[in-house]
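Below you'll find the structure, written out as structure tokens, and then a few comments.
The values are calculated or read from the model by the stated rules, or taken from the named source; none is laboratory data. On a predicted model such as this, the values are computed, not experimentally measured, just so you know. Cβ sites come from the backbone with ideal geometry, for glycine too, and all protein chains shown count toward neighbours. We work out accessible area using only protein heavy atoms, side chains counted, and drop any ligands, DNA or RNA first. Shrake-Rupley method; radii C 1.70, N 1.55, O 1.52, S 1.80 Å.
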Number of protein chains: 4
Amino acid sequence: MARRAALVGASGYTGVEALRLLSRHPDIDLTALCAGRMAGRPLAEVAPAFTGVAAPPLEPFDPKAVAAAADFAFLALPHGTAQDAAADLLAEGVRVIDLSADHRFDDPAAYAAIYGEHRRPGSLAETVYGLPEHNRGRIAKSRLVGCPGCYPTSVILAASPAVRAGWAVGDVIADCKSGVSGAGRNPGAGTHYPETADGLHAYKTLAHRHAPEMSRNLGGARVHFVPHLVPIVRGILSTVYLRLDTPRTLDAARALYAEAYDDEPFVHVLPAGAHPDPRHVRGTNRCHIGLFVDGDLLVVQAAIDNLGKGAAGQAVQCFNLMAGLPETTGLEHTALFP
Amino acid sequence: MARRAALVGASGYTGVEALRLLSRHPDIDLTALCAGRMAGRPLAEVAPAFTGVAAPPLEPFDPKAVAAAADFAFLALPHGTAQDAAADLLAEGVRVIDLSADHRFDDPAAYAAIYGEHRRPGSLAETVYGLPEHNRGRIAKSRLVGCPGCYPTSVILAASPAVRAGWAVGDVIADCKSGVSGAGRNPGAGTHYPETADGLHAYKTLAHRHAPEMSRNLGGARVHFVPHLVPIVRGILSTVYLRLDTPRTLDAARALYAEAYDDEPFVHVLPAGAHPDPRHVRGTNRCHIGLFVDGDLLVVQAAIDNLGKGAAGQAVQCFNLMAGLPETTGLEHTALFP
Amino acid sequence: MARRAALVGASGYTGVEALRLLSRHPDIDLTALCAGRMAGRPLAEVAPAFTGVAAPPLEPFDPKAVAAAADFAFLALPHGTAQDAAADLLAEGVRVIDLSADHRFDDPAAYAAIYGEHRRPGSLAETVYGLPEHNRGRIAKSRLVGCPGCYPTSVILAASPAVRAGWAVGDVIADCKSGVSGAGRNPGAGTHYPETADGLHAYKTLAHRHAPEMSRNLGGARVHFVPHLVPIVRGILSTVYLRLDTPRTLDAARALYAEAYDDEPFVHVLPAGAHPDPRHVRGTNRCHIGLFVDGDLLVVQAAIDNLGKGAAGQAVQCFNLMAGLPETTGLEHTALFP
Amino acid sequence: MARRAALVGASGYTGVEALRLLSRHPDIDLTALCAGRMAGRPLAEVAPAFTGVAAPPLEPFDPKAVAAAADFAFLALPHGTAQDAAADLLAEGVRVIDLSADHRFDDPAAYAAIYGEHRRPGSLAETVYGLPEHNRGRIAKSRLVGCPGCYPTSVILAASPAVRAGWAVGDVIADCKSGVSGAGRNPGAGTHYPETADGLHAYKTLAHRHAPEMSRNLGGARVHFVPHLVPIVRGILSTVYLRLDTPRTLDAARALYAEAYDDEPFVHVLPAGAHPDPRHVRGTNRCHIGLFVDGDLLVVQAAIDNLGKGAAGQAVQCFNLMAGLPETTGLEHTALFP
């Protein structure tokens, strides 16, 4: 029996990607579609790819109406604005999967240190960090999931086996390369085609607010995070440098990561020598990992789609757990090639 | 009950795209996967996007083995090499959907004038041009379908309503812009990234061999065809200029095209004033059409994915007809956005 | 002896390109640099490529100050705002090269029909259309030059030999493909990287305001103009379709264009069979032309840099004429390859 | 008085870039142009950007003919083939600037460990590493200069001030991102547009042969080098991670780098907080540097053009020193923007 689900925030990039996944999910009955400024507009104007595709009308958000229509709500709202929506929906008995940054910390102080005071701190008491590879059991039982950021997803998946095994000592260096869709749908000088194509640069070096989220989910390790903007549309490639407690072999590292990920449906450790590329996971919930060792330095490369495993795909994966469905439902597809 | 199907030629771009569609088609049991040089290699080497995805092994092509395993065969072979495979499979009772250029003409002389002598002309007697919007009934009953070229698909869909209505007089000008995947998977100077990115150019101006195929399927109209290579990966945008018998209004043109396409599941005439973009049909079997009129000049713009509606998607659409399935089975998905 | 020149409007794309050319021009002494909102800011903030490069400070525009400092002024201002600047500078005795659309028509009615009433119609009486290949003598003597639009430059250079020879009959079809810098420096949804890369589309089909400018400079021929946005940064490729009075040979067409352009320093007719690509003229004042014939259809392809021969390069070429310098001064460089 | 110079190897990317610079250099008389397979072909076929541009004919390489025509020779030959050309030219009294990897080590054993036995080890005794910022005096007097690799140039410029000051302790991590032209002009699967655009990946992680060259020119520091291929045509951005002996402030780091580079004409330390982007140095000999500090971690970002400061530009800079010319002659231009 299909679960009734609502999507709140359907005009940003994570929202449209969630819509794409939800509208094709075999066990979801998409019963409500909410938008802000775009409410009332034809969906094909918001996302021309949906021309001729059936979908609920874009309506203004109303918690009671959503609760009447749906048992689950996906929130693809701007950071800061999901707080009220989530709390109001929880109060109505709707289970919430939040794609924004609003519920990624269960500690109000930790949240406030990065984003400022949380307006609905009560929600934080029950939020679960939506990384199934770490929190599968808790996600299944939760009423509120805060889906990880795109950068943290890739860095945590890359580093955590070595960190958890106690191999990694000292700081973590995360040199990440992101596609431009990570900057969202609002145009600006930094995403203007003529100044973005055929160039690349770091930004917010050592000062990006995703670093504490990485640290918190890597046992408190200090993370030096340098994000770069590269001229691709979707995708993140994170190159993570980990200092090991002692020189290790590539075989040992591969065995460690195999143990961590061989049973994971979406995390694939590539063959020895292979390098992951986000183009091969684009549009999917997959993560490709490459491992390289030189003495006591472990280099882990992880590729995800920032809007897939880094946002909407991961949200659907969490939903599947919450709904008691096979975890891969609606997420089995592969990337376009080429 | 799922139909047993084989894919012959799984390492080129149309082959991998066909594999992507077939492996997710709900009514297909993909029972054989054949490749030439790549036979015996792991699929993930051929297409890293398939890392961790279950699929039949890549085996050398053997018509009898394919016939034992499958009732339908998709041929994604280089032009010229599909002739023997098709004839041999037909002889074994396998129904064939050919994505190459080998069976797009049912007249040996017309074929020979473009591609040289056909080695198995017997096949041409029963081949059906695989454009469902024109040949739905014949495709359903056929044993051999020759799928249209990518450029012809877009130009024919753009021009044929006006041509068939007798509105178009004189020559057709088809100014087409194609992504680089249209040139195939073999690298060359003309597709080398440093000399392809951030530039564009026409090629084979007025001398491309797809022009006669367009002409033949547009009632014999003379077609001036100028293909351009643009720096996108997938997609074709065809801008077609048609001289009308008399000045017409945009409303009249829109009514004519609505009549032709309103019942078509994959051809969408966009709202007045909207311009199609291949990025919105990428990875799909859809075609977006825009209409513009200035007196007696009709400009029709049609966007498709050269590997989707221009190749593998169309092949699946033909298969659905041949197998008696709903025509949209396995093809309902929308393009990624962005 | 170097000529004293001012650049008014140094922060838009045509302005920065003009700055790049003027600051390296051997016979120009760049004495003033004016900007609006960016006045007072370091140049390297406006254009990081100029980090460490000496240039005059960015100052607010003042006609008297410019007149005190310079004998020539290049105006790289938004359309509509160059009118007052030009008239005020002319009144001070400064010779003006306007890169905007404000002085491309010498007829107030023709101007008004497209852009609305001109505020300083007196200027139009003396403006000269800044296409040296047509107006060399008049430009040399002029006080005010209105540089052609980027699209018209390419289409007029492509079509005019055939039009002037009386070969072209009937309408002209101009299917043009432009890089995104043609849309200017202000970011918007239509130039946002994630929605611009890996796609392409026409816009303002048959309704772009450059069409009348083309028509006026092609003997009044009706021009059907369809501009397309392609994912390159700089460059225009115009594919122009001309119906001939009678079937012609390629040799005859090549002879006609050779006669027109063999003595032109910046217009190069490519060898037979070669196709122009804007990447090979990027950053230059050059125009590459390819010719193709099929009976009575002549297809001319012209590639320019929209900011070079389509704007700042052409402005410098006009300046050289006005200043009595060799026409190629400061413009001899070739495009980067690759 | 202009110096007579020859360019040997004019059809690869470094060769065409050298040709672009040499043909516009005010103090160079380009007297010979040598090519292998392309000898005898029109230059415009090799590089369409040179259509209509005067240049010497492409001739086969003959050391005596070059010696008769020129006092300096630039070698833009494939690695391994420059050895004989250089030795033969030196024997004829020609001073040689080698852009290949053949003369970057003055120690035959060090060379052999990476590239195999050197066939003309005598040359190594007098080769000078062509990084003017380090070796200005020796370059000026040399007969043979081995220009640094593109990756080493950026990493050495980024790291050496901290290394030389004794600040950097432990290993250097160099996470470098290169445009695709760095892979050269020969097409291959790894540079095929459809599989290169809209993706990125590392390659030869911890195993690239440029690492020893970096190490040798950074006082023997161990360098962990991870090169990445990003979808831009030209340019390298190197993000270098240096562990400091003690926590330092950003101001202290900026003072250190200012001391190193304030008098350098081509190395620009950007304002605090600014991030370098290779698009702003494209086509130039410039290097933009950004500095960031977090306690005892120094992050240095350096952007160059791999074909400019990373190859042909640096070669011209070395030539200027050898010829006793101002070091910036022929290299003053700025990058296109956008």
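Given the options D:Arg143, D:Arg164, D:Arg185, D:Arg120, name the one that is within 17 Å of the chain's Cα centre (by Cα), more than 11 Å from chain A (Cβ to nearest Cβ) and open to solvent by 30 Å² or more (accessible area, probe 1.4 Å). Full working, then the answer.
On the way: D:Arg143 fails: within 17 Å of the chain's Cα centre (by Cα); D:Arg164 fails: within 17 Å of the chain's Cα centre (by Cα); D:Arg120 fails: within 17 Å of the chain's Cα centre (by Cα).
Only one candidate passes the filter, namely D:Arg185.
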Please state which of the following conditions B:Tyr257 fails to meet, knowing it meets all the rest: (1) more than 8 Å from every other protein chain (Cβ to nearest Cβ); (2) under 26 Å from B:Gly9 (Cβ atoms); (3) among the aromatic types (Phe, Trp, Tyr).
(2)
C:Glu92, sole failed condition from (1) under 18 Å from C:His210 (Cα atoms); (2) free of Cβ contacts under 8 Å to residues at least 60 places away in the same chain
(1)
Within segment B:188-213, restricting attention to residues that are buried (at least 22 other Cβ atoms within 10 Å of the Cβ) and more than 14 Å from chain C (Cβ to nearest Cβ), which residue is farthest from D:Pro194 (Cα to Cα)?
B:Glu213
Out of the residues in segment A:16-59 that are under 18 Å from A:Cys318 (Cα atoms) and of a type in the set (D, E, K, R), state the one that is farthest from the other protein chains (Cβ to nearest Cβ).
A:Asp29
Return yes or no: is B:Val300 of a type in the set (A, V, I, L, M, F, W, C) and either without any contact (Cβ under 8 Å) to a residue 60 or more places away in the chain or within 14 Å of chain C (Cβ to nearest Cβ) (or both)?
yes
Of the candidates B:Asp71, B:Asp88, B:Asp62, B:Asp98, the one satisfying the condition of being of a type in the set (Asp, Glu) and open to solvent by less than 10 Å² (accessible area, probe 1.4 Å) is B:Asp98
Looking at (1) within 24 Å of B:Glu195 (Cα to Cα); (2) open to solvent by 10 Å² or more (accessible area, probe 1.4 Å), which is the only condition C:Thr246 fails?
(1)
From C:Ala253, C:Ala221, grab the single residue that is buried (at least 20 other Cβ atoms within 10 Å of the Cβ) and among the small types (Gly, Ala, Ser).
C:Ala253
Within segment B:29-40, restricting attention to residues that are aliphatic (A, V, I, L, M) and either open to solvent by 20 Å² or more (accessible area, probe 1.4 Å) or more than 24 Å from the chain's Cα centre (by Cα) (or both), which residue is nearest to A:His288 (Cα to Cα)?
B:Met38
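Please find, within segment A:284-321, the residue that is nearest to A:Cys150 (Cα to Cα) out of those that are open to solvent by 10 Å² or more (accessible area, probe 1.4 Å) and of a type in the set (A, V, I, L, M).
So the residue we want is A:Leu321.
Would you mind stating whether B:Val269 is open to solvent by 10 Å² or more (accessible area, probe 1.4 Å), free of Cβ contacts under 8 Å to residues at least 40 places away in the same chain and of a type outside the set (D, E, K, R)?
Values: open to solvent by 10 Å² or more (accessible area, probe 1.4 Å): yes; free of Cβ contacts under 8 Å to residues at least 40 places away in the same chain: yes; of a type outside the set (D, E, K, R): yes.
So B:Val269 fits the description; yes.
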The listed residue being touching a His at 6+ places or on another chain (Cβ under 9 Å), touching a residue at least 40 places away in the same chain (Cβ under 8 Å) and surrounded by fewer than 20 Cβ atoms within 10 Å (Cβ to Cβ), out of A:Arg24, A:Arg20, A:Arg4
A:Arg24
Those residues of segment D:4-15 which are modelled with pLDDT of 95 or more and farther than 13 Å from D:Val316 by Cα, in sequence order:
D:Arg4, D:Val8, D:Gly9, D:Gly12, D:Tyr13
Exactly one condition in (1) out of contact with any helix residue (DSSP H, G or I) (no Cβ under 6 Å at 6 or more places or on another chain); (2) touching a residue at least 24 places away in the same chain (Cβ under 8 Å); (3) under 30 Å from B:Arg248 (Cβ atoms); (4) open to solvent by 10 Å² or more (accessible area, probe 1.4 Å) is false for B:Ala110; which is it?
(3)
Scanning segment D:151-160 for residues that are buried (at least 23 other Cβ atoms within 10 Å of the Cβ) and either out of contact with any helix residue (DSSP H, G or I) (no Cβ under 9 Å at 6 or more places or on another chain) or farther than 24 Å from A:Ser238 by Cβ (or both) gives D:Pro152, D:Thr153, D:Ile156, D:Leu157, D:Ala158
Got at least one residue in segment A:41-50 being among the small types (Gly, Ala, Ser) and open to solvent by 20 Å² or more (accessible area, probe 1.4 Å)?
yes
